[in-house]
Amino acid sequence: MERIIIDHEDVLKMLDEWMEKRDGEWWDHFYHDHARPIPFFSNVPDISLAKWLDVSKITPGRSLDIGCGNGRNTLYLAMQGWQATGIDISNEAIAWAKQLDSHQQAHYQCTSLEKYEDHPHTYDLILDSGCFHHIKPHRRQDYLTRIQTLLKPDGYFLMTCFNMKEGAPITDEQVYLDRSMHGGMGFTRLKLETILTHYFTILDIHEMEATDDPAYFGQDFLWVILMKQKEETTHE
Ligand SMILES: C[S@@+](CC[C@H](N)C(=O)[O-])C[C@H]1O[C@@H](n2cnc3c(N)ncnc32)[C@H](O)[C@@H]1O
C-alpha cells in the first residue's frame, strides 16, 4: 500500500522502518549467550557511576537506568540504597538482570524509554550507560525530552556514550545514506555538547577512566557526561 505522510510522526515512522533493525529481538539475540566476551557482560558498575556517588555524597533517592542490559548499574544503585528501576527493550536482558538480582533489590521492566510510563519529575537520577549512541538521530528529540520529563527539577542525568575511539565515525546524514547506525555512533565532544546543551545543562564531561580493577567497568572509549535540567525549563 502506498505510504501517505500526514504528520511528523509518519515521517519518523518511515525512517524507523527504513533503517537496519535494532529492536528488542535483535538485542535478545545479543544477550542470549552470557559467556560472550563483551566488556559489559559483567556484574560490576561503571567506575564513573561508583566514583560520582562516592564523591558527590548524593542522598539516595529514585533512579532510572535506561537500557539497563543485565542490570549491573541498576543493582549497584539498589545496593547503595537507591530505589532503583532498570528498563530495557530486550526480554533476555531483563531476565538476566532479574537473575543477577537474587534478593530482588531493584525493579526491572521490559520496555523502551519512549513507551515507559511514570509520573513526571519522578527521578533524582537518570542513568544512560551505552544506550544513547544507539538512538537514531531522528528519535533523539523524543528520547531526550522524555528524560527531561521524568527527571526531577533538581535531578541528575548521568550519561555514558561512545567517543571517537570505539564508536562509528559517521555523521547524522550518513546514518540515513547507509540506513545503519553501524553498531553505535561515536561522538566528538563538540557534537555531544551541541546536542545535549539544547536540553540540559552540562556540569561535567570527561573520558571514562580505563581500569583493570575487577570491581569496576572502565573503558576510555566512552564519554561520561553529568547533566541537570536547564534552569528555565519545566516539562509536563
Ligand atoms: C550497549 S547496551 C548497554 C547495556 C547496559 N547499560 C550496560 O552498560 O551494561 C545498550 C542497551 O540499550 C537497550 N536499548 C536500546 N534502545 C533502547 C530504548 N529505546 N529504550 C530502552 N532500552 C534500549 C538495548 O536493549 C541494550 O541492552
Only one of (1) over 22 Å from Phe217 (Cα atoms); (2) surrounded by 17 or more Cβ atoms within 10 Å (Cβ to Cβ) does not apply to Trp96, and that is (1)
So is Ile126 in a strand (DSSP E or B), more than 11 Å from the ligand (Cβ to nearest atom) and either at pLDDT below 95 or buried (at least 23 other Cβ atoms within 10 Å of the Cβ) (or both) or not? yes
If we take region 9-82, then helices (runs of 4 or more DSSP H) inside it with 1 or more residues that are under 19 Å from the mean Cα position of the chain (by Cα) and within 24 Å of His182 (Cα to Cα) are 24-31
Considering only region 33-44, I want to know if a residue exists there that is open to solvent by less than 10 Å² (accessible area, probe 1.4 Å) and either touching a residue at least 40 places away in the same chain (Cβ under 8 Å) or within 9 Å of the ligand (Cβ to nearest atom) (or both).
no
Given the conditions (1) of a type in the set (D, E, K, R); (2) near the ligand (Cβ under 9 Å from one of its atoms); (3) open to solvent by less than 80 Å² (accessible area, probe 1.4 Å), every one holds for Lys115 apart from (3)
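Table: residues versus (1) touching a residue at least 24 places away in the same chain (Cβ under 8 Å); (2) within 14 Å of the ligand (Cβ to nearest atom).
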| residue | (1), (2) |
| --- | --- |
| Gly71 | yes, yes |
| Tyr76 | yes, yes |
| Met79 | yes, no |
| Trp82 | yes, no |
| Thr85 | yes, yes |
| Ile89 | yes, yes |
| Ala95 | no, yes |
Within region 144-197, the count of residues that are more than 17 Å from Asp220 (Cβ to Cβ), touching a residue at least 12 places away in the same chain (Cβ under 8 Å), open to solvent by 60 Å² or more (accessible area, probe 1.4 Å) and in a loop (DSSP other than H, G, I, E, B) comes to 2
Selection from region 199-228 of residues farther than 14 Å from Met159 by Cβ and in contact (Cβ under 8 Å) with a residue 40 or more places away in the chain yields Glu209, Thr211, Asp213, Pro214, Ala215, Tyr216, Phe217, Gly218, Gln219, Asp220, Phe221
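The values are calculated or read from the model by the stated rules, or taken from the named source; none is laboratory data. Everything numeric here is computed off the predicted structure, so don't read it as measured data. Note that we place each Cβ from the backbone using ideal geometry, even for glycine, and neighbour counts take in every protein chain shown. Each accessible area value is taken on the protein alone, full model and side chains, heavy atoms only, with ligands, DNA and RNA left out. Shrake-Rupley method; radii C 1.70, N 1.55, O 1.52, S 1.80 Å.
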